[in-house]
Amino acid sequence: MKRVLITGMSGTGKSAVVEELATRGYRALDLDTQEWSHWVDSDPSDPFTPAAGKDWIWREDRVRALLSEVTEGSLFISGCAENMSRLLPLIDLVILLSAPADTIMQRLERRSIDGYGHAEEQREKVARLIATIEPSLRRIADREIDTTRSVQATADEVLEISGERRG
């Protein structure tokens, strides 16, 4: 089984791409759900956590078990969490989704009122993360995809890069 991590900042399209892959019949999971992630206490002064004094991290035991399964085909997972580096040895391919900051901000602003990034202070935090965290993601990524195209085109490129779809 090939394990593919689709990562990137909020608003780059991770969830939409994974949903598209799942719709096409691939095993694809968004780790940004309560099944795979949870809130933990963090330093309240840390400017990079999603909420003051709280951080949203992967449930390492569950994600490790998922990545350790032996099955046919590829497994696509999406997410970005502070603790994901501990699980990178179990991942075969890392694809970074990116987009220009103004595109990301527009996408976040259009989210529902309870969606992360809808609030201005959350978008400001995302802007700081793009400047500080995205370069780290770029260093661990095997490939990068600009998501200014359609979700379908981005999913096609993910499949091509992963070897699931021949160009």
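Throughout, read-outs are computed from the coordinates displayed, never taken from laboratory work. Since the structure is predicted, the reported quantities are computational estimates derived from the model, not experimental observations. Here Cβ is always computed from backbone atoms with ideal geometry, including for glycine, and neighbour counts include all displayed protein chains.
Please determine, in degrees from 0 to 90 and to the nearest 10, the orientation of helix 120-132 with respect to the longest principal axis defined by the Cα atoms of the chain, where the helix direction is its Cα long axis.
So the inclination is approximately 60 degrees.
Report the rotationally averaged projected area of the chain based on its alpha-carbon convex hull, in square nanometres.
Directional mean of the projected Cα hull area for the chain stands at 9.4 nm².
Between Asp146 and Thr103, what length in nm is gained on full extension when 0.36 nm per residue of separation is reduced by their alpha carbon distance?
14.4 nm is the gain from fully extending Asp146 to Thr103.
At a Cα cut-off below 16 Å, give the aspartates and glutamates reachable from Lys54, other chains included and same-chain residues fewer than 8 away excluded.
Asp32, Asp41, Asp43, Asp46, Glu82, Glu121
What does the extension gain come out to for Glu124 and Lys54, with contour length at 0.36 nm per residue minus their alpha carbon separation?
Going from the current span to full extension adds 23.5 nm.
Would you calculate the separation in nanometres between label points at Thr33 and Ser45, each defined as 7 Å from the Cα along the Cα-to-beta-carbon direction?
Result for the modelled spin labels: 3.8 nm.
Taking the Cα centre as origin and putting +1 on Lys and Arg beta-carbons and -1 on Asp and Glu beta-carbons, what dipole magnitude results for the chain, to the nearest 20 debye?
So the magnitude is around 340 debye.
Roughly what would the spin-label model give for Ala65 and Arg24, points 7 Å off Cα along C-beta, in nm?
Modelled inter-label distance: 3.0 nm.
Given an 8 Å cut-off on Cα distances and at least 6 residues of separation, report the relative contact order of segment 1-125 as a percent.
Here the relative contact order equals 38 percent.
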